[in-house]
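Quick notes on the structure that follows.
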Amino acid sequence: MLPYDAVIFDLDGTLTDSEKGIRLCTEYALEKMGRPIPPPETLRRFLGPPLADSFMRWCGMTEEEAARGTDLYRERYIPVGWRENRVYPRIRALLHALKERGAYLAVATGKPQHTSVEILRYFGLLQYFDAVAGPDNRDLHADKADLIRRVLPAGKKAVMVGDIAGDIRGGKDCGIDTLAALYGYGVDEEVLAAKPTLAARTTEEMCRLLCPGMEAPKGAFVTLEGVDGCGKSTQAAALAERLADFGYTVRRTREPGGCPIAEEVRKILLAKEDGGMCAETEALLFAAARAQHLKEVILPAVSRGEIVLCDRFVDSSLVYQGGARGLSEKWIREINRPAFAEGTPDATLYFRMPHEKALARRFSASQPDRIEQAGDAFHARTEAAFEKLYREEPERFLAVNADQTPEKVTDEAFDQLFSRLTERGVL
Ligand code: TMP
């Protein structure tokens with residue numbers, strides 16, 4: 001049984017951390033108006049209340065000036081600012097759990113209705129809400145209680161969740177319980193002075209209050225693979241950022257390496273001078289580093305509910321030491337038993353690209369390592385071996401066209417990965 005079967009959320013500072021976008025757009029508007037930028041403590045006060053009210057209260061603007069400020073703010077917010085936003089951790093899982101248990105969910109926000117819907121849609125949250133209320137673009141001083149009333153269902157036990165005193169007062173004006181999200185932008189004393197029914201310092205605590213018995217966070221193991229120079233390290237950074245924006249706790253790591261013992265092994269493996277390392281030694285060193293990395297870093301992080309993004313994993317051994325160096329696949333599987341037994345990735349992003357093109361890019365970027373210095377025939381074999389693995393396990397591999405702009409590659413990889421994660425209940 002849920003304590004509330006209708007939960008109405010504020011957006012900024014409650015579901016998403018929009019600090020960055022709001023701060024940059026406010027500064028943009030003030031600069032265009034030739035006004036001084038207030039100190040950071042004051043700019044933080046812009047988060048939550050209607051923007052025009054903040055311009056009047058903190059920058060001494062008149063009503064007309066505040067309207068002009070709002071227009072300028074939108075000039076930057078509409079094309080870029082709205083995406084400079086981050087879903088708080090556990091919010092997606094909480095909404096999912098509440099919905100699954102039959103709750104009615106709504107948003108009542110001071111942010112314009114249209115923008116709020118777009119933000120919720122972009123972050124994959126819109127599907128959880130029965131209704132979204134926000135002011136239209138002309139309604140600069142929307143009253144919170146009015147917004148809540150627009151989405152308040154009859155005959156349900158409802159709670160208003162918000163991070164500033166205005167959210168709590170709005171809920172009270174509507175005669176419903178309130179929950180203060182103290183992790184948001186409100187000043188604690190002001191929010192608590194409004195006497196919320198409940199208060200949560202973290203989203204984790206909020207989950208316990210709104211959905212007792214909710215499932216623990218579920219993690220995932222995601223690997224990134226592709227020929228040398230396919231751009232996967234750049235993509236790993238961009239994807240880690242995007243996943244964090246979507247509310248995931250991300251752990252980025254790489255092979256060979258990822259923990260002190262394995263990083264030591266990496267130095268031996270990738271040393272530029274070719275010390276005559278034989279293929280078997282190379283394969284065993286990769287496997288040794290991997291066993292340590294899996295047990296020390298990957299498995300513990302996944303069981304804590306994190307998304308592990310690992311730049312290369314055992315597929316690279318099958319491809320480089322197997323397909324390209326010609327060692328037996330059976331033996332590679334044998335020496336990598338921990339990885340095959342416990343470390344099957346939930347998804348493998350395969351950044352697909354012709355090896356000639358990828359290598360040309362790689363060589364123009366920086367000094368190649370020992371393996372990258374191997375000849376063209378070697379790299380052609382790695383490409384063929386990746387293609388073979390992909391054909392063998394099309395359900396695990398998410399193939400991404402890596403031969404396009406980095407931004408497009410990130411979008412394509414992220415869309416596929418996000419679908420895979422949500423399908424698996426990784427929220
Ligand atoms: P990087 O390109 O991700 O920095 O990887 C370093 C090199 O190590 C790259 O050329 C691929 C190679 N490698 C293997 O040969 N076998 C393996 O098992 C792994 C993880 C990497």
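The number of residues in the range 261-270 that are in contact with an Asp or Glu (Cβ under 9 Å, 6 or more places away or on another chain) and within 12 Å of the ligand (Cβ to nearest atom) comes to 4. Going through (1) within 12 Å of the ligand (Cβ to nearest atom); (2) within 24 Å of residue 241 (Cα to Cα); (3) surrounded by fewer than 23 Cβ atoms within 10 Å (Cβ to Cβ) one by one, residue 258 falls short only on (3).
Each row is one residue, and each column tells you yes or no for (1) within 27 Å of the chain's Cα centre (by Cα); (2) assigned to a helix (DSSP H, G or I); (3) within 30 Å of residue 100 (Cα to Cα).
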{"site": "24", "(1), (2), (3)": "yes, yes, no"}
{"site": "27", "(1), (2), (3)": "yes, yes, no"}
{"site": "36", "(1), (2), (3)": "no, no, no"}
{"site": "42", "(1), (2), (3)": "no, yes, no"}
{"site": "47", "(1), (2), (3)": "yes, no, no"}
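Looking only at residues of the range 220-245 that are away from the ligand (no atom under 11 Å from the Cβ) and among the β-branched types (Val, Ile, Thr), we find that the one that is farthest from residue 88 (Cα to Cα) is 234.
For residue 392, state whether it is in the same structural domain as residue 268 (by TED's automatic domain parsing), exposed (fewer than 13 other Cβ atoms within 10 Å of the Cβ), more than 16 Å from the ligand (Cβ to nearest atom) and at pLDDT 95 or above. If you could, list the steps in order and put the result at the bottom.
Numbers: in the same structural domain as residue 268 (by TED's automatic domain parsing): yes; exposed (fewer than 13 other Cβ atoms within 10 Å of the Cβ): yes; more than 16 Å from the ligand (Cβ to nearest atom): yes; at pLDDT 95 or above: yes.
For residue 392, the condition - in the same structural domain as residue 268 (by TED's automatic domain parsing), exposed (fewer than 13 other Cβ atoms within 10 Å of the Cβ), more than 16 Å from the ligand (Cβ to nearest atom) and at pLDDT 95 or above - is met.
Say we look at the range 216-251 and pick out the residues that are in contact with a Lys or Arg (Cβ under 8 Å, 6 or more places away or on another chain) and among the aliphatic types (A, V, I, L, M); which of these is nearest to residue 390 (Cα to Cα)? So, considering only residues that are in contact with a Lys or Arg (Cβ under 8 Å, 6 or more places away or on another chain) and among the aliphatic types (A, V, I, L, M), the one nearest to residue 390 (Cα to Cα) is 224.
Sub-7 Å Cβ pairs linking a first residue in the range 361-380 that is more than 13 Å from residue 230 (Cα to Cα) to a second residue that is within 11 Å of the ligand (Cβ to nearest atom) and among the hydrophobic types (A, V, I, L, M, F, W, C), at least 6 apart or interchain, are 369/270; 370/270; 371/270; 378/324, ordered by first then second residue. Scan the range 306-344 for residues that are within 13 Å of the ligand (Cβ to nearest atom), among the polar types (S, T, N, Q) and closer than 30 Å to residue 216 by Cβ and report the count. Qualifying residue count for the region: 1. Number of residues in the range 200-245 that are part of a loop (DSSP other than H, G, I, E, B) and either in contact with a Cys (Cβ under 6 Å, 6 or more places away or on another chain) or buried (at least 20 other Cβ atoms within 10 Å of the Cβ) (or both): the value is 9.
Taking residue 70, is it touching a residue at least 40 places away in the same chain (Cβ under 8 Å), among the polar types (S, T, N, Q), surrounded by 14 or more Cβ atoms within 10 Å (Cβ to Cβ) and more than 30 Å from residue 177 (Cβ to Cβ)? Walk me through how you get there before you give the answer.
Working: touching a residue at least 40 places away in the same chain (Cβ under 8 Å): yes; among the polar types (S, T, N, Q): yes; surrounded by 14 or more Cβ atoms within 10 Å (Cβ to Cβ): yes; more than 30 Å from residue 177 (Cβ to Cβ): yes.
For residue 70, the condition - touching a residue at least 40 places away in the same chain (Cβ under 8 Å), among the polar types (S, T, N, Q), surrounded by 14 or more Cβ atoms within 10 Å (Cβ to Cβ) and more than 30 Å from residue 177 (Cβ to Cβ) - is met.
Checking each residue of the range 246-253 against the condition of being in the same structural domain as residue 317 (by TED's automatic domain parsing), part of a loop (DSSP other than H, G, I, E, B) and within 16 Å of the ligand (Cβ to nearest atom) gives no match.
The values are calculated or read from the model by the stated rules, or taken from the named source; none is laboratory data. None of these values were measured; they are calculated from a predicted model. Here Cβ is always computed from backbone atoms with ideal geometry, including for glycine, and neighbour counts include all displayed protein chains.
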